[in-house]
Amino acid sequence: MSMQGHDAEAAQPSIVVTTPSGRNERTPLLQDAIPAEQTRGSSHDDEQAAVVEEVTGAKLWLILCSGWVGVFLGAIDASIIATLSAPISSEFKSLSLMSWLATAYLIANAACQPISGRLTDIFGRGPGLVFSNLFFAAGNLICGLARDETVMILGRVVAGIGGGGLMTISTFLATDLVPLRKRGIIQGMGNIAYGSGAMLGGVFGGLVNDYSSWGWRLAFLLQVPPVLVSACLVAYLVRSSWCSFFWDLMPGEPALIGFIIWESRVAQPVIPVRLLMRRTVFTACMTNLVCTMGNMMALFFVPLYLQARGGSATSAGLVILFAPIGICFSSVGSGYVMKKTGRYVALGILAVSLQTAHVIILTTTNDTTPKWQLMLSFLLLGSGYGAMLTITLLACLAAVDHSQQAPITAATYGFRSVGGTVGITIASAVYQNVLKTQLWERFGGFPDAATEIPRIRDDLDELRHLPEGWDAGAVISVFMEAFRSVWLTTLGLVLLGLVSISLMKQHTLHSTLSRNERS
């Protein structure tokens, strides 16, 4: 297979999935469809996947990088919202909005990621990536121009729809073109794109908020132009038959809706639920769920913790910067180890152990904890979480047939999104309930308590403007108790992840796309 250059038109790899009834799903992944070199069958799934010829060199990297641009931008958005949640919520005088800013995005992710596998199998990776970029750009534009909470949440939902596709479809591209034995390193490179975006996003968001006259709004608006450029790059480099895409999509829309509703009755479900019955797939997905819950709890509540102590959004961004640094090194490192050894279970246990160490450090924090301790904690978090993502994805891919790789990849991303949503929701509930209870217990007898306590809970600026007679140190100590409750909840979840990942089985990491070699 070759990609279109200056003198020749490239052929497009395809996967032909044949159902028991004889109907075909033809998947144009990059360019025009070509005959398959090899075909693998699966007795479990009653479908066949045509395996494309392996691509190497500059052509492969051009294809992958076109997808990683979207991953980079999506990571910037995720880390920006982590540091800007408190300023945004304070501007709208509703600190409870902070959890909605995250969950609205993640719920949309969780809804869209599982179906992206089957839809891009049918309509092509290129159109899926372009539409994801456009939705992501539209969502950020809405957020940047929002004047009330409702519009802000709407923008996060729209951006979440696009962000879900940006993350998963780029992974499908890599899985289509790279054998499992090399897949870990390629996934590590993709995680570097994510980590780089996360590194820039947190600090960039803080700087824009603290030093720009437009404040946090500019952080969203500045993402729109590069996302549109990304859409153009994808449209050019990851081409599919666009006319065929629109012709197939529009007349088949009612059938597609019916397909989603009744997917449990069809031969090719969006998420093959039966695959979750496999031990490795189930435990890997559970690990993604609970570890992502713990990761998002820390990512969103440590910046709030730092700002409650009097820090700025920029300083919070500098602290969480160390997580993506860890992701960059551990993702590639774990991929390299798997390439050399072909094994991943012990490596996965080590990865989640690092995340556990991160949470243990958080449980010891108070209002005077030095920032270097938090930076070390986030370095451990990134190292453990980044490696875990690569390891569990490879374990799932190795445990299923080639024909199920896109749906199972989408499923793992779906579990991550659900984990992030549920994690932030649980953390917010724990934090708000403990904060409310403790504030009323300590200050409920004050004459202006009924007015002041809601203000403190909804606007961090109130901590710097407490009424006369209110002990600022005592108020801060209440906040520390609320945060400690969040950290202890996080610790329980990560320990569940440690148990879950230790139950994975070892499967062969093949060295060819056809998986017919002895390894």
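Readers should treat all values here as calculations from the given coordinates under stated rules, not as data from a laboratory. Since the structure is predicted, the reported quantities are computational estimates derived from the model, not experimental observations. Virtual Cβ from ideal backbone geometry, glycine too; neighbours counted across all protein chains shown.
Per residue, how big is the convex hull around the C-alpha atoms of the stretch 292-410? Give it to me in cubic angstrom, could you?
That works out to 101 Å³ per residue.
Add +1 for every Lys or Arg and -1 for every Asp or Glu among the other residues with Cβ under 14 Å from the Cβ of Ala108, and state the total.
Summing Lys/Arg as +1 and Asp/Glu as -1 gives +1.
Can you tally the net charge around Ala137? Count Lys and Arg as +1, Asp and Glu as -1, for every other residue whose Cβ sits under 14 Å from the Cβ of Ala137.
0
Could you please report the charge total around His465, scoring K, R as +1 and D, E as -1 over all other residues with beta-carbon less than 12 angstrom from its beta-carbon?
With Lys, Arg at +1 and Asp, Glu at -1, the neighbours total -3.
Greater than 28 Å separation of Cα atoms is the criterion. Which listed pairs, Lys59/Lys340; Lys339/Lys505; Lys339/Lys371; Lys93/Lys436, meet it?
From the list (Lys59/Lys340; Lys339/Lys505; Lys339/Lys371; Lys93/Lys436), the Cα-Cα distance tops 28 Å for Lys339/Lys371.
With the radius of gyration and the Kirkwood radius both derived from the Cα set of the stretch 127-221, what is their ratio Rg to Rh?
Dividing the radius of gyration by the Kirkwood radius yields 1.08.
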